1. Post the alpha-carbon centroid distance, the stretch 502-554 to the stretch 57-127, in whole angstrom.
2. Would you work out the Kirkwood radius for the stretch 757-810? I mean one over the mean of 1/r across all pairs of different Cα atoms, in Å.
3. Nearest 20 debye, what's the magnitude of the dipole of the stretch 747-888 about its Cα centre given +1 on Lys and Arg Cβ and -1 on Asp and Glu Cβ?
4. Testing the spin-label approximation: label points 7 Å from Cα along Cα→Cβ at Ser378 and Glu78. State their distance in nm.
5. Mind giving me the FRET efficiency for Ala516 and Val685? R0 is 51 Å, r the Cβ-Cβ distance, nearest 0.05 is fine.
6. What are the semi-axes of the equivalent ellipsoid of the chain, taken as the square roots of 5 times the eigenvalues of the Cα gyration tensor, listed largest first and rounded to whole Å?
7. Find how many whole Å separate the alpha carbon centroid of the stretch 590-654 from the alpha carbon centroid of the stretch 448-469.
8. What number, in percent, do you get for the relative contact order of the stretch 259-324 if the mean sequence gap of Cα pairs under 8 Å and at least 6 apart is divided by its residue count?
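Here, each number is a calculation from the coordinates, and none is a lab measurement. Being a predicted model, the structure only gives us computed values, none of them experimental. Positions of Cβ are generated from backbone atoms using ideal geometry, with glycine treated the same way; all protein chains shown enter the neighbour counts.
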Amino acid sequence: MREGTAPLIQRLDYQQPAFWIRKVDLSFDLDPAKTIVTSKMQVERNRAVPHGPLRLHGEELNLLRALINGAGVSFRQEGHELVIDNPPDEDFALEIRNTICPEKNTALSGLYTSGGSFFTQCEAEGFRRITYFLDRPDVMAVYTVTLRADATKYPVLLSNGNLVDSGTLEEPGNKGRHFAVWHDPFPKPSYLFAVVAGDLVAREQRVRTRAGKDHLLQVYVRRGDLEKTEHAMNSLIASIVWDEARFGLPLDLERFMVVGVSDFNMGAMENKGLNIFNTAALLASPATATDADFARIESIVAHEYFHNWTGNRVTCRDWFQLSLKEGLTVFRDQEFSMDMAGSSSARAVCRIQDVRQLRALQFPEDSGAMAHPVRPDSYSEINNFYTATVYEKGSEVVRMYQTLVGRKGFEAGMKLYFERHDGQAVTCDDFAQAIADANPGSALATRLDTFKRWYSQAGTPRVKAHGEHDAATRTYTLRLTQHTPATPGQPTKLPQVIPVVMGLLDRHGAALALNAAGDTETVLVLDQAEQTFVFENIDAEPVPSLLRGFSAPVVLDDGLSDAALLVLMRHDSDAFNRWEAGQRLALNRILAALRAGQPLVLSNAFIEAMRGVLNHPELDAAFKELALTLPGESYIAEQLDVVDPQAIHAAVMAAQRQLASALRDDWTAAFEANQIAGGYTPDPVSSGKRALANLALSMLVLDAQATGDTVWPGKAYQRFKDASNMTDRLGALAALVNAGAELAQPALERFHALFKDDALVIDKWFALQARAPESDGRVFARAKTLTKHADFTLKNPNRARSLLASLCMFNPAAFHRADAAGYVFWAEQVLAVDAINPQLASRIARAMDRWSVLAEPYRSAAREAVARVAAKPDLSTDVREIVERALA
Ligand code: ARG
Ligand code: ZN
């Protein structure tokens, strides 16, 4: 949408629609330059709301005619609405015919072309770019869709539901064209509508579910990509099995289709029975995809499949409720990934990765200009609220329900939720009520209203813990306090319900009994600003292990000494907290150096602890890799009131060089011990080994750069050349590039030549260069040059992100420059992208969310760049909302 001023939509203004659309017959005469859309709707007045005109949404449409009950009707256009002032009181048939231009639709919302095929993206408000409609999720209709297109160019014609008819068109004007008719028996909101037409091929699999029903699963891709769909198909089958086993939720369609498209604004979309995926989230082969890609594909395939129940069967009443489906579905895909990982240590690795992601993306969002509650209160462009807060923090909120009522209790709550709301468009309150009602008397049900503050208050709560041991009474008193900082529009906050899963260790690391029953782990429920918890029969000062498994999305300050952290790191029964203790040790050092303005020197105790982890005979490689990876620069920035990205980068690099040098022999041993013989499989054990070997290699090459040794860079280059899978190849390439080794350049050239025809791999090539650790401005200069590369384009979102987001959002030291060149670059690129694709532009615009905490000279220069963008008169509403919030 592009308009001078966009209205602010408020959550509390929600009203039911004045009309319902119960049935839609849609037909498409597909043509890239001019597609004709005919929509025949069965409309009825909603008697529950005051009498009013019929207002249909529509954007960038060319209206040909509007008929009511077969006769012409008078209408007027008001902004993006088509208003029919006096529709009949009784149910009526409304017919709209309009044309659209898919090939000019570079915004990739609505119906567009990509690689010569047609695709749709309708969430959140793309359907109105196809035809006039009540394009809001509480209007649910049964769709029948007829597609007509050239049979040679578009042999495959797909829409939601079941194929009911197909054939060739015989009439004279339709030479060479064919048709297909699809019917979806489930009433659905317009955002779940989808069409695909093109020259595609499918991997197919028939499955029989527990209920004994047969289903056809299909994964459609371009010719040539078929061999890269096996992993997606396996992931889909695993998802179907898991949802039936864990939540009793079966596949409800005879046919379930997944389609890949190269030009796509996000990861994937859960259209009913016809999920559409960014190829980056779908295609994988050992030679072209990394272990991380395999894992991400598995979780996104699962995510979209799980939406079939949490999103489609039960959908959102309005877009403020987005987390109702997204937070819940992320929670479900995270649980699925953990269950798939298997061993308890592999589960912990999943959890650590999810938390790392939350801290790197959601925490900064929650403390920046765009901070908003999990259920936002207002927006001017809903696409700006598909955020880490709605998705990832939303998932943590769902996880807290499960922590408070237990796994069985949560499953009972889900069952009640579907019994009550199947087929409805509902709210976050409805979900909360169902979980509470299924668990009367639980820690949730008794404080439901307080718990629901997680939906209304933005900001990450800070929890402080202070323990005191009394030797005379043999008691340990733990005092917990909480405070949530102010966020835009929310100056004061109330206490939240914070489940703190915890245990106590003695100073040798043995778990202590917390009560007479002998439990060594319990859940403390903090729901006041301050509370104390008393433990009896504690002989000596214990070490508290708090917030195990990251039981709430908060920042914890437990004030533990390095000695106590070392006890936790070595002995805690909770693997997450073992990892966390090591991160805290590193973080404390880095923060102390930054605050003192001193060069960072790692302590011997820390280095020896890290050596202990690296050489540990029992720990998994995947865990070791996570433990030996230092906290990220954006997470470090979150701990500081004034952020100097260059100082943070210098401190992290210094820590890395010291770890590289002090553990040189241990890295060598780890590299050698984690080689895998035999074929590639992306299972957690092998991928953990590859991750650790890659980390070791990058440390060894980094250290070689410092000492002038040429052996390890040479080995890395050899490994890069000989690698039999993308994880090893990219790992070796990254080791060379990140260390600034001379062999990086020939390796980059070779990599490009090898994969020049594989767009997803070339994306990695751009991203790796734009994310490399900055040194003397070389990375920024290279990234700028890469915008002129023949393979670079702003039109493909994956490609644009691989360079622009990598540099502006994930490489703070390259981006935040004293000469402001990074900000100038950002402003140019945001404006250039905005003219093509507002959703993509507004994602990149968010690189400036946190300008106000920057140290000078960055702060002033950043603000100026944001103000320059905001001064442009014809910004999209997407970008306008982001820059205006940044300046507010
Ligand atoms: N519902 C999709 C998903 O979670 C994402 C859609 C994003 N839409 C958007 N306009 N940003 O998987
Ligand atoms: Zn989703």
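1. 59 Å
2. 11.0 Å
3. Computed about the Cα centre, the dipole is about 120 debye.
4. Using points 7 Å along Cα→Cβ, the separation is 2.2 nm.
5. The pair Ala516/Val685 has a calculated efficiency of 0.80.
6. Three semi-axes, in Å: 46, 33, 27.
7. When both Cα centres are located, 27 Å separates them.
8. Relative contact order, the stretch 259-324: 27 percent.
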